[in-house]
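K.L.:
Here it is, the structure in full.
The values are calculated or read from the model by the stated rules, or taken from the named source; none is laboratory data. If you're wondering where the values come from, they're calculated on a predicted model, not measured in any experiment. As a convention, Cβ positions derive from the backbone with ideal geometry for all residues, glycine included, and neighbour counts pool all protein chains shown. The area values use the complete protein model at the heavy-atom level, side chains included, leaving out ligands, DNA and RNA. Shrake-Rupley method; radii C 1.70, N 1.55, O 1.52, S 1.80 Å.
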Amino acid sequence: MGVMGSFPDSSGRPPGPVMDRDEVDRALARLEAEYEAIETSLLALQDHSGRRLLEGAELTGVTKDRWAAAEQSITLLWTYFDSYTEALTGAREARARRRWPNRDDLVELTETLRGRGVTVAGAAAGGSAALGTPAKLSEHFTLAELVSRMNELYASSLDMVVAADAVWSALPARIDLLSAELRRTRSLAHSVGVRPGEHPAGDDLESITRELTTLRAQVVSDPLAFWRPAPGSSAPGGGRPDTERYDREARALEDVRREIEAVLAVRQDSEERLKRLRDVLSRADRTLTEARSARGEVLAKIAASEVPAVSGPPTALQERLSTAAEYRRHAQWNRLSPLLESLERDAEDELLRARESLTAVTAPLAVRAELRGRLDAYKAKVARHGMAEDPLLVERYDAARRMLWSAPCDLRVAEQAVLRYQRAAADVLVPGRPEPADGEGDA
């Protein structure tokens, strides 16, 4: 709801020369306008939703203390307004006695409009003392001073009312919406086995529930504890509600909700993921079996070669896979979710390790195959040039071939034999060409 601004101020010049009729009429017109603005603002404050809520609430803390002071200020405001109304009514009546006021009338009106003739007594004096000024049986004001005092009281009272209303308008409704979302999340969590004491997300939900319950009670009873005034702002209600605690719990609930969704996703696709895991581990086992078989072949066919050992099948992963299947059968989705994630990572690592082991074991056979291919390629090249029957080439080819096709094969000796054949072929094909260094030759 909108609120009125501060009361308009009066020029309030001190008593001096007697005012003439025109000056009196202008002053009365200004005071009439001030009266209407004051009355409108006071009635708006009286009807303000925040004030009505403050009157009916069981307040605590800083709000309770400030509202007690604000109630005194509002009571004092009405007392000042009554005194202002009485003075203005007297001035109206004095002016209405004659169309053309005489000097005595003008002296009286000047004193009323400019002098300190407005007296506030009794309860109002006690109200001033409560607001930090010395206690007096009565106080005397000019109309301008009275307006200024009402401005101050109105601004402080309105600031307190607007701030409390802003917090109540912003936070309880948001907390209620978050609490409704929390209840839905808790229900979903229970359906997938996420409960306090059994899963961290269940403990988080309990913590969020307690914090939101406490936060709502504190916001309702002490809204000003959640108000942050705007730096440097002097306007009533300048500031914003402090939502830090609410925002923190909203983020925590979002984290839990994502965790629950992950568990739900596990329930929906766990069978397919377990099937893929079995396939990956089966491929790793077959690769390791192939590596062990290849190692035996290498040891039988290749001499003087270091062949790495091959590990056994991944039994630990198979046991964890059996545990995952057990979790699925008993609908323990909260336990299955992290187990599946770790199993998927470890199974891929195991398959990669098995493939690397096979590559390392079969490396000597790959070297022998490369040497065989190189020897046959040079023989074909020599044949294309019609030099296949050259005795030296035939002799060196046969020597290299015997080494490469016999078991066990000494790869270092066989490589030297292939290089000697390459050099002989180069000499025949390009007479006078310098012999290449070891390891070089035509591709």
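K.L.:
How big is the accessible area of residue 119 in square angstrom, nearest 10, if you roll a 1.4 angstrom probe over the protein chains?
P.N.:
Surface open to solvent at residue 119 totals about 70 Å².
K.L.:
With a cut-off of 8 Å between alpha carbons and a minimum separation of six or more residues, what is the relative contact order of the range 21-112 in percent?
P.N.:
Once divided by the residue count of the range 21-112, the mean separation gives 47 percent.
K.L.:
Just by accessible area at a 1.4 angstrom probe, what is the order of 48, 140 from largest to smallest? Can you show the working numbers first?
P.N.:
Details: 48 5, 140 90 Å².
These residues rank, largest area first, as 140, 48.
K.L.:
When only alpha-carbon atoms count, how far does the range 145-285 stretch along each of its three principal axes, as whole angstroms with the largest first?
P.N.:
96, 26, 19
K.L.:
Mean 1/r over all different Cα pairs, inverted: what Kirkwood radius does the range 242-370 give, in Å? Present the calculation step by step, with values, prior to reporting the outcome.
P.N.:
Working: mean 1/r = 0.0568 Å⁻¹.
Every distinct Cα pair counted, the radius reaches 17.6 Å.
K.L.:
Can you give the charge dipole size of the range 376-433 about its Cα centre, rounded to the nearest 20 debye, using +1 on the beta carbon of Lys and Arg and -1 on the beta carbon of Asp and Glu?
P.N.:
Rounded to the nearest 20 debye, it is 160 debye.
K.L.:
In addition: Leaving ligands, DNA and RNA out of it, report the carbon-plus-sulfur percent of the accessible area of the range 300-435 at a 1.4 Å probe.
P.N.:
The C+S portion of the solvent-accessible surface of the range 300-435 is 53 percent.
K.L.:
Okay, moving on. On a 0 to 90° scale, report how tilted helix 21-47 is relative to the longest principal axis of the chain, with both axes built from alpha carbons and the result rounded to the nearest 10.
P.N.:
Here the helix axis deviates by roughly 50 degrees.
K.L.:
Sorting 100, 78 by accessible area (1.4 Å probe), largest first, what list results?
P.N.:
100, 78
K.L.:
From the residues 43, 156, 63, which one has its Cα farthest along the dipole of the chain in the positive direction, the dipole being from +1 and -1 charges on Cβ of Lys/Arg and Asp/Glu about the Cα centre?
P.N.:
63
K.L.:
Rounded to a whole number, what % of the accessible area of the range 160-217 do carbon and sulfur atoms account for, probe 1.4 Å? Kindly include the intermediate steps, with their values, before the conclusion.
P.N.:
Numbers: 1400 of 2650 Å².
Carbon with sulfur: 53 percent of the solvent-accessible area.
K.L.:
Right, another one. Okay, helix-only estimate at 222 nm for the chain: each DSSP H run of n ≥ 4 adds -39500 (n - 2.57), divide by all residues, round to 500 deg cm²/dmol; what do you get? Intermediate results must be reported in sequence, preceding the final value.
P.N.:
Working: 12 runs with 320 residues, N = 443.
Counting only the DSSP helices, I get -26000 deg cm²/dmol.
K.L.:
Taking only the Cα atoms of the chain, how large is their convex hull per residue, in Å³?
P.N.:
325
K.L.:
For the chain, modelled as a GNM with alpha-carbon contacts under 10 angstrom, which of 202, 50, 312 fluctuates the most?
P.N.:
Looking only at 202, 50, 312, the biggest GNM fluctuation is shown by 312.
K.L.:
Right, another one. Taking the Cα centre of the chain as the origin and placing charges on Cβ (Lys, Arg +1; Asp, Glu -1), which of 190, 296, 386 is farthest toward the positive end of the dipole?
P.N.:
Of the options given, the answer is 386.
K.L.:
Rounded to the nearest 20 debye, what is the charge dipole size of the chain about its Cα centre when +1 sits on each Lys and Arg Cβ and -1 on each Asp and Glu Cβ?
P.N.:
On the way: 62 positive and 72 negative charges, 310 e Å.
Taking the Cα centre of the chain as origin, the dipole is about 1480 debye.
K.L.:
For 53, 158, give the ranking by accessible area with the largest first, probe 1.4 Å.
P.N.:
53, 158
K.L.:
Could you work out the Rg to Rh ratio of the range 37-109, with Rh taken as the Kirkwood radius (inverse of the mean 1/r over all Cα pairs)?
P.N.:
1.26
K.L.:
If you take the alpha carbon radius of gyration of the range 271-319 and divide it by 2.2 N^0.38 Å, what ratio comes out, to two decimals?
P.N.:
For the range 271-319, the normalised Cα radius of gyration comes out at 1.50.
K.L.:
Accessible area per residue for the chain in Å², computed with a 1.4 Å probe and the full protein assembly in place, what is it?
P.N.:
53
K.L.:
Extending each Cα 7 Å along its Cβ direction at residue 293 and residue 318, get the distance between those two points in nm, one decimal.
P.N.:
Going from the residue 293 label point to the residue 318 one covers 1.8 nm.
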